[in-house]
Amino acid sequence: MKFVKFAFLGLICISLAFVSLGIFHGEVKYENSIEIEASVEDSYNTFITDSLASEWLMGYVGNEVLSGEPLRPGSRFIMKFEQDGQSYEFIEELKAIRENELFAFDMETDFFIGSVEIIFEGDENRTTITVYSSLEGNNIIYKSFLYLLKSSLQNQSQMNYDLLKEVIEREK
């Protein structure tokens with residue numbers, strides 16, 4: 001009987017510790033960066049070319065415009081992905097866009113909301129793309145999961161941007 005009592009108490013402590021992660025770490029922020037041997041113009045143009053997105057966004061299937069004009073602030077679209085036989089989607093809303101400088105959007109899923117700001121800097125020979133991401137779970141459980149998955153999310157994003165670098169350098 002003592003074992004059951006201690007096991008139950010241990011389970012409660014673990015559950016409270018997990019939930020506390022979401023309480024104290026409600027928002028997850030991370031940064032990614034790549035350096036590219038190509039002009040800012042070439043880098044930006046490759047980035048916004050939808051037909052190349054599946055070459056650098058792992059699992060990317062396509063997108064569907066919900067409202068607005070593509071590449072205009074306020075436009076909303078569904079991004080569609082498939083990985084390991086499982087499909088998932090999220091809604092993006094373009095918040096700001098400045099040619100060869102900035103691409104910023106908000107995103108929303110059933111599990112989290114987030115914002116991403118992508119900054120292009122450089123010259124005719126070299127570009128640095130820096131990406132600032134901020135995610136927040138839709139409830140306390142998802143907030144806790146996001147906190148635990150932060151490094152995996154950042155690594156996944158870095159792999160995507162490393163693939164973008166390869167595509168840009170190949171396309172220039």
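Quick notes on this structure:
- If you check 169, 121 for being outside any helix (DSSP H, G or I) and either touching a residue at least 24 places away in the same chain (Cβ under 8 Å) or open to solvent by 40 Å² or more (accessible area, probe 1.4 Å) (or both), only one passes: 121.
- Summed over the range 50-73, residues that are over 18 Å from residue 159 (Cβ atoms) and either more than 17 Å from the chain's Cα centre (by Cα) or assigned to a loop (DSSP other than H, G, I, E, B) (or both) total 11.
- You will find that of 47, 105, the residue that is assigned to a strand (DSSP E or B), of a type outside the set (D, E, K, R) and at negative phi is 105 and no other.
- Among the residues of the range 76-118, the one identified as free of Cβ contacts under 8 Å to residues at least 12 places away in the same chain and polar (S, T, N, Q) is 86.
- Among residues of the range 1-20 that are at negative phi and at pLDDT below 75, those with a Cβ under 7 angstrom from a residue that is part of a helix (DSSP H, G or I) and open to solvent by less than 100 Å² (accessible area, probe 1.4 Å), sequence gap 6+ or separate chain, pair up as 18/144; 19/140; 19/144.
- Output for the range 108-118, where each listed residue is among the acidic types (Asp, Glu) and either open to solvent by less than 80 Å² (accessible area, probe 1.4 Å) or part of a strand (DSSP E or B) (or both): 108, 117
- Any hit, the range 46-59, residues being acidic (Asp, Glu) and at pLDDT 95 or above: yes
- Residue 160 surrounded by 14 or more Cβ atoms within 10 Å (Cβ to Cβ), at negative phi and in a strand (DSSP E or B): no
- Pair list, Cβ under 9 Å, 6 or more apart: the range 124-136 residue within 27 Å of residue 26 (Cα to Cα), other residue assigned to a loop (DSSP other than H, G, I, E, B) and not charged (D, E, K, R): 136/26
- Count of the range 74-100 residues which are part of a loop (DSSP other than H, G, I, E, B) and either closer than 17 Å to residue 112 by Cβ or open to solvent by 80 Å² or more (accessible area, probe 1.4 Å) (or both): 2
- Filter pass, residue 135 being out of contact with any Pro (no Cβ under 6 Å at 6 or more places or on another chain), surrounded by 18 or more Cβ atoms within 10 Å (Cβ to Cβ) and assigned to a strand (DSSP E or B): yes
- Scope the range 30-61; condition among the small types (Gly, Ala, Ser) and surrounded by 12 or more Cβ atoms within 10 Å (Cβ to Cβ); matching residues: 33, 38, 39, 43, 53, 54, 59
- In the range 17-44, of all residues being more than 21 Å from residue 125 (Cβ to Cβ), part of a helix (DSSP H, G or I) and of a type in the set (Phe, Trp, Tyr), the one that is nearest to the chain's Cα centre (by Cα) corresponds to 24.
The values are calculated or read from the model by the stated rules, or taken from the named source; none is laboratory data. All of these numbers come straight from a predicted model, not from anything done at the bench. Note that each Cβ is placed from the backbone with ideal geometry, even for glycine, and that neighbours are counted across all protein chains shown. Surface areas here come from the heavy atoms of the whole protein model, side chains and all, with no ligands, DNA or RNA. Shrake-Rupley method; radii C 1.70, N 1.55, O 1.52, S 1.80 Å.
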